[in-house]
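A.B. asks: Just dropping this structure here.
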Amino acid sequence: MFIGISGYNHESAVALINNEGILIDYCKEESLSRIKGDKSFPKRALSKIIKKNHIKKDLISHIVFYEKPLTAFLTPLKTASSYLPKSLSFISHQLRNFDNSSISCFTDLAKFAPGLEKKLSYIDHHLAHTLTALPYSRKQKDLCSIVVDGFGDRSTASISYIKDMHDIKELWSSDYPHSLGLFYSSITDFLGFNVNEGEYKVMGLSSFGNSNSKLAKIVFNLIKWDDVKNNIVVNLDYFSYHISISDSFSKELIKLLGEPRNPFKKLQPGDKDFQKFADIARGAQDITNVILSKIFSYAYRITNSNSFLFSGGVALNSAALNTLADLNFTKDIILPPSPGDSGAAIGSALYGFIKSYPTNLSIKKPSLFPTAFSIDDEKDKVKKIINESFSIISENKFESLKLCSELIHKGKVIGTVISNSETGPRALGNRSLICDGMNLKSVNYLNTVIKNRSPFRPTAPAMKRITAEKYYEIKSELYQSYFSMTATCKCRDPKANNFPTTHIDGTARIQIVEDESILGQLLDILHPSGVDILANSSLNLSGDPTCFDLIDGLMFCSISPLEYLLTDLGLIKKLA
Amino acid sequence: MREEKIIEILHETLHAEHGSALEMLATSKNATKSSHVNGYFHHAKDEYNHSKTFQSLLAKRANRLPPDIARSYRFSSIGLLKKGYVSKKGFLIETMKLKDFIAYVYTNELLAKDSFSKILKLLEINSGDYIKVSDIMTDELRHHGMAKEYFLRYYPTLQPWQLKCYKLREIIKNKTRIIYYKNIKFLDKVFNPIYIFLSFFAALLLNHLNVKYFHRTNANLMNISSRSMF
Ligand SMILES: [Fe+2]
Ligand SMILES: [Fe+2]
Ligand SMILES: [Fe+2]
């Protein structure tokens, strides 16, 4: 057995790979602690995985951590040391918080289960990303891996060539602090959204902006690709993420763009300032598309490969993927369902497996729902909650699905807590809120009433392949991504432009569902009534992690207007 | 000035309420008896609703602040760990004995009620916000009653005076916590020049650090020693 761990910088997670190289469990710490973005040592996730899979200590061959802790600790310090005296408090803070850095993984593991720390090893951070993406690709040799994130353990973007899974050569990297990911996060911060959480909002907002506006053009020029040196260059006069703990952008940026957004002010199309902030978001999105295109082109030039793995936090930017697929050399772009740091626990565990089986040359594609969950653990516990505040409408699985379909057809919203859970960040049906994707009223109710989200953020549509091909421009280069909702696509049929799940810019982040999945089964039942598209959003309130177990689901129902929950116990309705 | 003080209190209370919601949810999940699971579930639900109320109270006031000040009052649940509202060691139920935990809930609900009466004094009497906070106070009193009943049912040999002792202990603990944080802040101020001074020398050393060693261009990443932290 091989365990992979990520944490300390972004959401922490644990992955478990068995001796056949199959991902058998995966868990984010935030799913259990209910603290969104929890980056502490994943003790609960580790306990859960060890208990659930009955793992004895001696069965664990390797525990692999997703970065080189000392490199990750020293790189920002080294950079900050050349910005004295401005960076003094930053340096002081970093040094004093030495014990909160990933260097503590060793001692935290020793405290968790003495002896386990002896099995701990550390791999290059971007290698962990690459190995996370690799099993999702059918082609597992002779391809190129591109990683772009905020900051790994030393670089902020890299290109590697995968001869086979034992020979992964890094060919290019971009040095910290010049980072596309940190640039985008700083703009996220300027726009009043929480960093590492609000980047999606910037992406959604950018569709309302105008690329030719003055502000978009200014933001566009804050970061560039140097065609001579082949490098990312951030104009650091306007940013301070590398020298300050609290501020990601400098006073110069405020002089340039005006006041940042007050995070408490509602942001609605038509409001004063809405256009200003949308234009800023537009500029950030435009330059992100350009720089990613430059990195892909350079990667093609130096590797001659037209198949790409793409991972790292910036790969979550689903809006940029279309631009990349349109590059004339691209054949395939493969993204893991969780390309960010939490997903990198999977690649770390795989490293242990690959090293232990030096002759093995292929890894099975992991399930889209790898987080083990069984209702048996909760069935008895929740009895009284359900008896007192809910009623089970049907315990029969098929009947529950039929009833759900009828409710969806009538315009109702249904929550799901079914079987194993997805890795996130996208809910793919097992921890989702769903409704009729062609019913404007239902989609608006789901988005703005149940989830309390800003109206400028689109909700994603889920459908069968045949429906997707009818309404949308499906790109063969991105085909895999549609199953994990990691790419957006343009509407093909003009009718689709009016679907409530279509964004203002005429795109949608579609999900193609497999026949045997819950959404697939629901769509089969719904088809005769003309509902071929479901709106699908994660089951969580904004700022909270996606629900994991049934108690979370029942809690969501209790504190939101949601009435129905489809569960392993059947279809449940909240009592009035 | 008064307005900013209110905002600061609302911001802290929001953390406290959200922290309680997560504590109670964890307790509900940790319980084995279905009735206990249900009891803590409903307590958690109340606390989530309190958290929501304080989020909206905070938003209503903070959206009038200048952006740079408003930004410092943003709420995210990760702040609970940073500010110590949820311990990095784990939830109370994961780190305390059950008996101590129940005593903790019992006394803290009472203390929560006290702190809400202080908030009420800052709000305009009978305004919408005033009524919302009074409703929360009623909830807290109910929680306190439930915890007391529960405590006496499962530990019947305990006498009311013992509960009073628990309360006193919690008050002292809370006070020392506040004094501790104030002291830390104070010591921080005192020692900051020394830290900065030391950091300056650290920075000079760091300047000589050769990061070329970190470069991996043309290296097979699979063959870098996985024992090394570099
Ligand atoms: Fe990363
Ligand atoms: Fe409360
Ligand atoms: Fe309470």
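A.B. asks: Take the conditions buried (at least 23 other Cβ atoms within 10 Å of the Cβ), within 11 Å of chain A (Cβ to nearest Cβ) and farther than 28 Å from A:Phe548 by Cα and apply them to B:Ala21. Does it pass?
C.D. replies: Numbers: buried (at least 23 other Cβ atoms within 10 Å of the Cβ): yes; within 11 Å of chain A (Cβ to nearest Cβ): yes; farther than 28 Å from A:Phe548 by Cα: no.
The answer is no for B:Ala21.
A.B. asks: If you don't mind, there's one more thing I want to ask. Can you name the number of the only condition in (1) part of a helix (DSSP H, G or I); (2) of a type outside the set (A, V, I, L, M); (3) touching an Asp or Glu at 6+ places or on another chain (Cβ under 8 Å) that A:Pro260 fails?
C.D. replies: With (1) part of a helix (DSSP H, G or I); (2) of a type outside the set (A, V, I, L, M); (3) touching an Asp or Glu at 6+ places or on another chain (Cβ under 8 Å) applied to A:Pro260, the lone miss is (1).
A.B. asks: Of the numbered conditions (1) part of a loop (DSSP other than H, G, I, E, B); (2) at pLDDT 90 or above, B:Gly84 satisfies every one except a single condition; which is it?
C.D. replies: Every listed condition holds for B:Gly84 apart from (2).
A.B. asks: Among the numbered criteria (1) more than 14 Å from the chain's Cα centre (by Cα); (2) more than 16 Å from ligand 3 (Cβ to nearest atom), which single criterion is violated by B:Ala44?
C.D. replies: Of the numbered conditions (1) more than 14 Å from the chain's Cα centre (by Cα); (2) more than 16 Å from ligand 3 (Cβ to nearest atom), the odd one out for B:Ala44 is (2).
A.B. asks: For the stretch A:428-444, give me each residue that is part of a loop (DSSP other than H, G, I, E, B) and over 19 Å from the mean Cα position of the chain (by Cα). Break it down into steps so the answer makes sense when it comes.
C.D. replies: Step one: filter the stretch A:428-444 for residues part of a loop (DSSP other than H, G, I, E, B), giving A:428-431, A:437-439.
Across the stretch A:428-444, the qualifying residues are A:Gly437, A:Met438, A:Asn439.
A.B. asks: For the stretch A:279-309, which positions are of a type in the set (Phe, Trp, Tyr) and not in a helix (DSSP H, G or I)?
C.D. replies: Residues of the stretch A:279-309 of a type in the set (Phe, Trp, Tyr): A:296, A:298, A:300, A:308.
Of everything in the stretch A:279-309, just one residue is of a type in the set (Phe, Trp, Tyr) and not in a helix (DSSP H, G or I), namely A:Phe308.
The rows are residues; the columns are (1) assigned by TED's automatic domain parsing to the domain that holds A:Thr486; (2) in contact with a strand residue (DSSP E or B) (Cβ under 8 Å, 6 or more places away or on another chain); (3) modelled with pLDDT of 95 or more.
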site	(1), (2), (3)
A:Glu170	no, yes, yes
A:Ser186	no, yes, yes
A:Asp189	no, yes, yes
A:Tyr200	no, no, no
A:Leu215	no, no, yes
A:Lys224	no, yes, yes
A:Ile232	no, yes, yes
A:Asn235	no, yes, yes
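A.B. asks: Still on this model: Among what's in the stretch B:24-41 and is more than 16 Å from ligand 3 (Cβ to nearest atom) and β-branched (Val, Ile, Thr), pick the residue that is farthest from the other protein chains (Cβ to nearest Cβ).
C.D. replies: Among residues in the stretch B:24-41 that are more than 16 Å from ligand 3 (Cβ to nearest atom) and β-branched (Val, Ile, Thr), the one farthest from the other protein chains (Cβ to nearest Cβ) is B:Thr32.
A.B. asks: Inside the stretch B:218-230, can you point out the residues that are farther than 17 Å from A:Ala72 by Cα and loosely packed, with under 12 Cβ neighbours inside 10 Å?
C.D. replies: Taking the stretch B:218-230 as the starting set, the residues that turn out to be farther than 17 Å from A:Ala72 by Cα are B:218-220, B:222-223.
B:Asn218 - this is the single residue of the stretch B:218-230 that is farther than 17 Å from A:Ala72 by Cα and loosely packed, with under 12 Cβ neighbours inside 10 Å.
A.B. asks: Could you grab me the full set of residues in the stretch A:90-116 that are within 21 Å of A:Ser179 (Cβ to Cβ) and facing chain B (nearest Cβ under 8 Å)?
C.D. replies: Scanning the stretch A:90-116 gives a single hit, A:Ile91.
A.B. asks: Can you name every residue in the stretch A:318-367 that is in contact with a helix residue (DSSP H, G or I) (Cβ under 6 Å, 6 or more places away or on another chain) and under 21 Å from A:Asn9 (Cβ atoms)?
C.D. replies: A:Leu335, A:Pro336, A:Pro339, A:Gly340, A:Gly343, A:Ala344, A:Ile346, A:Gly347, A:Ser348, A:Leu350, A:Tyr351
A.B. asks: Now a separate question. Test B:Ala44 against the stated conditions and say whether it is within 13 Å of ligand 2 (Cβ to nearest atom), in a helix (DSSP H, G or I) and away from chain A (no Cβ under 11 Å). Walk me through how you get there before you give the answer.
C.D. replies: Numbers: within 13 Å of ligand 2 (Cβ to nearest atom): yes; in a helix (DSSP H, G or I): yes; away from chain A (no Cβ under 11 Å): no.
Spelling it out, it is not the case that B:Ala44 is within 13 Å of ligand 2 (Cβ to nearest atom), in a helix (DSSP H, G or I) and away from chain A (no Cβ under 11 Å).
A.B. asks: Those residues that are facing chain A (nearest Cβ under 7 Å), more than 17 Å from A:Val195 (Cβ to Cβ) and in contact with a helix residue (DSSP H, G or I) (Cβ under 6 Å, 6 or more places away or on another chain), I need them from the stretch B:55-79; list them, please.
C.D. replies: B:Ala62
A.B. asks: Moving to a separate point now. Is one or more of the residues making up the stretch A:477-490 among the β-branched types (Val, Ile, Thr) and either assigned to a loop (DSSP other than H, G, I, E, B) or assigned by TED's automatic domain parsing to the domain that holds A:Ala345 (or both)? Quick ask: steps written out before the conclusion?
C.D. replies: Initial filter on the stretch A:477-490 (among the β-branched types (Val, Ile, Thr)): A:486, A:488.
From what's left, either assigned to a loop (DSSP other than H, G, I, E, B) or assigned by TED's automatic domain parsing to the domain that holds A:Ala345 (or both): A:486, A:488.
Within the stretch A:477-490, one or more residues are among the β-branched types (Val, Ile, Thr) and either assigned to a loop (DSSP other than H, G, I, E, B) or assigned by TED's automatic domain parsing to the domain that holds A:Ala345 (or both).
A.B. asks: Pull up the stretch A:70-79, narrow it to residues that are aliphatic (A, V, I, L, M) and within 7 Å of chain B (Cβ to nearest Cβ), then point me to the one that is farthest from B:Ile194 (Cα to Cα).
C.D. replies: Pass one, the stretch A:70-79, residues aliphatic (A, V, I, L, M): A:70, A:72, A:74, A:77.
Keeping just the survivors that are within 7 Å of chain B (Cβ to nearest Cβ) gives A:70, A:74, A:77.
Numbers: A:Leu70: 25, A:Leu74: 21, A:Leu77: 18 Å.
Among those that are aliphatic (A, V, I, L, M) and within 7 Å of chain B (Cβ to nearest Cβ), it is A:Leu70.
A.B. asks: Given the conditions (1) at pLDDT below 85; (2) more than 14 Å from ligand 3 (Cβ to nearest atom), and given that B:Leu110 satisfies all but one, which numbered condition is not satisfied?
C.D. replies: So the condition that B:Leu110 fails would be (2).
A quick yes/no check of all residues on (1) away from chain B (no Cβ under 14 Å); (2) touching a strand residue (DSSP E or B) at 6+ places or on another chain (Cβ under 7 Å):
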residue	(1), (2)
A:Ile333	yes, yes
A:Pro336	yes, yes
A:Ser342	no, yes
A:Ile346	yes, yes
A:Ile354	no, no
A:Ser362	yes, no
A:Leu368	yes, no
A:Ser374	yes, no
A:Lys384	no, no
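A.B. asks: Here is a further query. Quick test for you: out of A:Glu67, A:Glu20, pick the one residue that is facing chain B (nearest Cβ under 10 Å), within 22 Å of A:Thr130 (Cβ to Cβ) and not in a helix (DSSP H, G or I).
C.D. replies: After applying the criteria, what remains is A:Glu67.
A.B. asks: Would you mind listing the strands (runs of 3 or more DSSP E) fully within the stretch A:72-182 where at least 1 residues are surrounded by fewer than 21 Cβ atoms within 10 Å (Cβ to Cβ) and not basic (Lys, Arg)? Steps first, please.
C.D. replies: Details: elements: A:120-122, A:143-148, A:155-164, A:167-175.
Passing ranges, in order: A:120-122, A:155-164, A:167-175.
A.B. asks: Next question. Return only the number of the condition from (1) under 23 Å from the mean Cα position of the chain (by Cα); (2) within 13 Å of chain B (Cβ to nearest Cβ) that A:Gly150 does not satisfy.
C.D. replies: (2)
A.B. asks: Against the condition over 28 Å from A:Ser367 (Cβ atoms) and buried (at least 19 other Cβ atoms within 10 Å of the Cβ), how does A:Asn430 come out, does it pass? Before the answer, list the steps.
C.D. replies: On the way: over 28 Å from A:Ser367 (Cβ atoms): no; buried (at least 19 other Cβ atoms within 10 Å of the Cβ): yes.
Considered against the rule, which asks whether it is over 28 Å from A:Ser367 (Cβ atoms) and buried (at least 19 other Cβ atoms within 10 Å of the Cβ), A:Asn430 comes out as no.
A.B. asks: Contact list please: Cβ distance under 6 Å, first residue in the stretch A:124-141 and under 12 Å from A:Leu309 (Cβ atoms), second residue within 11 Å of ligand 1 (Cβ to nearest atom) and in a helix (DSSP H, G or I), pairs at least six apart or on different chains.
C.D. replies: A:His129/A:Ala344; A:Leu131/A:Gly347; A:Thr132/A:Ala344; A:Thr132/A:Gly347
A.B. asks: Check off (1) at negative phi; (2) away from every other protein chain (no Cβ under 14 Å); (3) away from ligand 2 (no atom under 16 Å from the Cβ) for B:Asn126 and give me the number that stays unchecked.
C.D. replies: (1)
A.B. asks: Could you tell me whether any residue of the stretch A:198-214 is more than 16 Å from ligand 1 (Cβ to nearest atom), more than 26 Å from A:Cys489 (Cβ to Cβ) and part of a strand (DSSP E or B)?
C.D. replies: no
A.B. asks: Condition first: closer than 23 Å to A:Asp149 by Cβ and out of contact with any Ser or Thr (no Cβ under 6 Å at 6 or more places or on another chain). Can you find one or more residues in the stretch A:257-275 that meet it?
C.D. replies: If we filter the stretch A:257-275 for residues that are closer than 23 Å to A:Asp149 by Cβ, which is where we start, we get none.
No, the stretch A:257-275 contains no residue that is closer than 23 Å to A:Asp149 by Cβ and out of contact with any Ser or Thr (no Cβ under 6 Å at 6 or more places or on another chain).
A.B. asks: Among the numbered criteria (1) crowded, with 18+ Cβ neighbours inside 10 Å; (2) modelled with pLDDT under 90; (3) aromatic (Phe, Trp, Tyr), which one does A:Tyr66 miss?
C.D. replies: Only one criterion in (1) crowded, with 18+ Cβ neighbours inside 10 Å; (2) modelled with pLDDT under 90; (3) aromatic (Phe, Trp, Tyr) is unmet by A:Tyr66, namely (2).
The values are calculated or read from the model by the stated rules, or taken from the named source; none is laboratory data. For clarity, every value in this text was computed on a predicted model and none was experimentally measured. Every residue, glycine among them, receives a Cβ derived from its backbone with ideal geometry; neighbour counts consider all protein chains shown.
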